[in-house]
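Notes to accompany the following structure.
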Amino acid sequence: MERATVMETEKFDISIEGGTLLTMSAKMEIMENATIGIQGDLIALVGSNCRIQAHKTINAKGHLVLPGLINTHTHLPMVCFRGLADDLPLMDWLNHHIFPMEARFVTKEMVYDGAILAMAEMILSGTTTFCDGYFFENQIAEAAKFCGMRAVVSQGFADFATPDNPRFEKMMSAGIRFVERWQSFAPMITPAFFCHSPYTCSPKTLKNVKAAAREAGILYLTHLLENKDETDTIEKRYGRKPVHHLLDLGVLDDQTIAVHCNWLDPEDITVFADLGVSVSHNPVSSMKLAAGIAPVPQMLKQAVRVGLGTDGSASNNALDMFREMDAAAKLHKVISLDPTVMNAPSVLKMATLGGARVLGMENLIGSIETGKLADIIILDMNQPHLTPLYNPYSQLVYAARGADVKTSIINGKIVMENRRLLTINMEKAIDNVNQIASHILSEHPSTILKHPNGQGVT
C-alpha cells in the first residue's frame with residue numbers, strides 16, 4: 001500500500017478520500033481515512049491520511065469503500081418474468097412455466113430490454129461484475145457494453161430448439177461466432193459457454209461444448225445438482241451420479257463453473273478440490289425453490305473456489321447481492337446449528353475476491369489494490385439501520401442493503417453518483433419492461449398471480 005502525506009506531483013483522474021476502506025485483499029486490511037487514486041481504468045494509489053490532486057474528488061467521509069460486488073450467476077432477461085411463477089417446485093416451475101414462457105416470449109428485443117433493466121438494478125445495489133447465461137447473449141453483451149458493466153456472457157446450449165437457435169445443429173457454429181465477436185473485449189466483456197444442465201444436455205453435447213471451450217480458452221458453465229430429483233434422473237439415465245457422470249465425460253477442470261451444487265456429497269467435493277472446479281452458490285433462489293442447501297462450509301475447507309450468485313429474477317425475484325450475502329451467512333448457520341459458520345468476512349469475500357477467483361479474474365478485480373482495475377462501490381453509512389458502526393464486515397453482511405450504495409465505479413468510470421445512474425435511463429428501462437409484461441398478460445392472462453384457492457389477486 002502507498003502511504004504518504006501529500007502527493008503533489010501527479011494528478012489523478014479520480015480520487016476517493018476520507019472513507020473507511022475494506023480492501024478485501026489477502027490481508028483483509030481495513031484503512032481509516034483512506035485515499036484511492038484512479039488513473040484511467042486502474043487503481044494507481046491506495047493510502048491513508050494523504051492528500052492527492054485529481055480532476056474529480058469524491059468525499060467518502062462517513063462512508064465505507066469496498067470492491068464492487070461480483071454476481072457469479074444470473075439470467076438477466078428473466079426480470080421480465082419476475083413474479084410470474086412463484087411458490088412452485090423446481091421442475092414444475094421450470095418445465096410447466098419458465099420453459100414454455102421462454103419459448104413464446106423470448107426475442108432479441110426482450111433480452112436486450114430485460115438486460116438493461118437488470119443492469120440498472122445491479123448497479124444501484126453495488127454489483128459491478130456479473131456472469132450471465134441465457135439466449136441471445138449477443139444482446140446481453142451489447143447491453144453490458146452500453147451500460148458500462150463488466151460481464152462474463154455465456155452462450156447457452158441445450159438439446160432442444162431454443163429461441164435464438166431454432167435448429168439445434170447450428171448451436172455450435174453460432175457459439176463459435178459469438179466467442180469470436182466478443183473475445184477481444186475482455187476483460188470488460190468476456191465470452192463463455194453455458195451447458196444448461198446434465199439432464200438437458202446429452203453426453204455428446206456436454207463433451208463437444210467443453211472441447212470448444214478448451215480450444216477457445218474460455219470458461220464452461222453448467223447447472224449442477226440444483227435439486228435431489230436431478231441425482232435420481234442422471235443415475236437412472238446414465239447409471240452414474242451427476243458429478244461422476246461429468247467426470248467420466250472429462251468436462252470438469254479449473255475452467256469449469258458448477259452452479260448451485262446443492263446436493264454435492266463429500267466425495268464430490270474432493271473431486272472438485274482435486275480438479276479445481278469452481279462453484280456459484282445461489283442461496284436465495286435455492287431456498288425459494290426448496291431445492292436444497294449447498295455444503296459451502298465443507299467446500300471452503302477443501303479450498304474449493306466459491307462465489308455468490310443471485311440466479312435469475314424468476315426464481316430469486318431480486319438481484320441484490322447484499323440480500324444474497326445475508327441469506328448465505330444465516331442459512332448455513334441454521335442448517336449446521338453453528339453460529340460461527342460462514343462469518344461475515346468470509347461471506348463478503350465470496351461476493352468480492354471469491355467471485356473474482358471463480359471467474360478467473362482475481363488478478364484484475366475483487367479487491368482494492370494498486371494495479372487492479374478500478375471497480376469500486378461507496379456506501380453511505382450515515383443511516384439509522386447502519387448506526388453505530390463497530391464491525392464493518394458485520395454491518396455490510398447483516399444490516400446493509402443494496403439501496404445503501406451511493407456511488408459505483410466500473411473500470412475507472414463513474415456509472416452511478418449519489419444514487420443517480422449515469423449510463424442508463426431508468427425510467428425508459430422500466431417502461432420497456434412494463435410493455436413486455438403487458439404483452440405477456442394480454443396473451444396469457446392466466447399468468448396473473450393466483451391465491452392457493454385459485455382466485456386471482458385484485
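The values are calculated or read from the model by the stated rules, or taken from the named source; none is laboratory data. All values reported here derive from a predicted model rather than from experimental measurement. Note that we place each Cβ from the backbone using ideal geometry, even for glycine, and neighbour counts take in every protein chain shown.
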Filter result (in a helix (DSSP H, G or I), within 18 Å of Ile440 (Cβ to Cβ) and over 22 Å from the mean Cα position of the chain (by Cα)) within region 75-97: His96, His97
Candidate set from region 292-336 (those that are touching a strand residue (DSSP E or B) at 6+ places or on another chain (Cβ under 7 Å) and of a type in the set (Gly, Ala, Ser)); member that is nearest to Val279 (Cα to Cα): Gly307
Selection status of Ala103, farther than 30 Å from Leu386 by Cα, touching a residue at least 60 places away in the same chain (Cβ under 8 Å), assigned to a loop (DSSP other than H, G, I, E, B) and not assigned by TED's automatic domain parsing to the domain that holds Val397: no
Count of region 149-166 residues which are more than 17 Å from His196 (Cβ to Cβ) and either of a type outside the set (Gly, Ala, Ser) or part of a helix (DSSP H, G or I) (or both): 2
Pairs where the first residue, in region 303-326, is on the phi > 0 side of the Ramachandran plot and the second is at pLDDT below 95 and of a type in the set (Lys, Arg), C-beta under 7 Å, 6+ apart: Asn317/Arg82
In region 235-254, the residues that are surrounded by fewer than 20 Cβ atoms within 10 Å (Cβ to Cβ) and touching a strand residue (DSSP E or B) at 6+ places or on another chain (Cβ under 9 Å): Asp253, Asp254
Only listed residue being modelled with pLDDT of 95 or more and not assigned by TED's automatic domain parsing to the domain that holds Leu88, chosen from Asp274, Asp380: Asp380
Scope region 216-234; condition over 22 Å from Leu289 (Cα atoms) and loosely packed, with under 15 Cβ neighbours inside 10 Å; matching residues: Gly217
Count - residues of region 363-392 that are over 26 Å from Ile293 (Cα atoms) and part of a loop (DSSP other than H, G, I, E, B): 19
Those helices (runs of 4 or more DSSP H) lying entirely in region 261-322 with at least 3 residues more than 26 Å from Leu247 (Cβ to Cβ): 283-288
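The rows are residues; the columns are (1) under 25 Å from Leu386 (Cα atoms); (2) surrounded by fewer than 16 Cβ atoms within 10 Å (Cβ to Cβ); (3) touching a Lys or Arg at 6+ places or on another chain (Cβ under 6 Å); (4) not assigned by TED's automatic domain parsing to the domain that holds Ser285.
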| position | (1), (2), (3), (4) |
| --- | --- |
| Phe12 | no, no, no, yes |
| Glu17 | yes, no, no, yes |
| Glu29 | yes, no, no, yes |
| Ala34 | yes, no, no, yes |
| Gly37 | no, no, no, yes |
| Ala44 | no, no, no, yes |
| Ala54 | no, no, no, yes |
| Ile58 | yes, no, no, yes |
| Gly62 | yes, yes, no, yes |
Number of positions in region 121-130 that are assigned to a helix (DSSP H, G or I) and crowded, with 24+ Cβ neighbours inside 10 Å: 2
Qualifying residues in region 145-198 (those that are at pLDDT below 95 and among the hydroxyl-bearing types (Ser, Thr, Tyr)) - the one surrounded by the fewest Cβ atoms within 10 Å (Cβ to Cβ): Ser173
Flag if Glu443 is outside the structural domain of Tyr112 (by TED's automatic domain parsing), acidic (Asp, Glu) and modelled with pLDDT under 95: yes
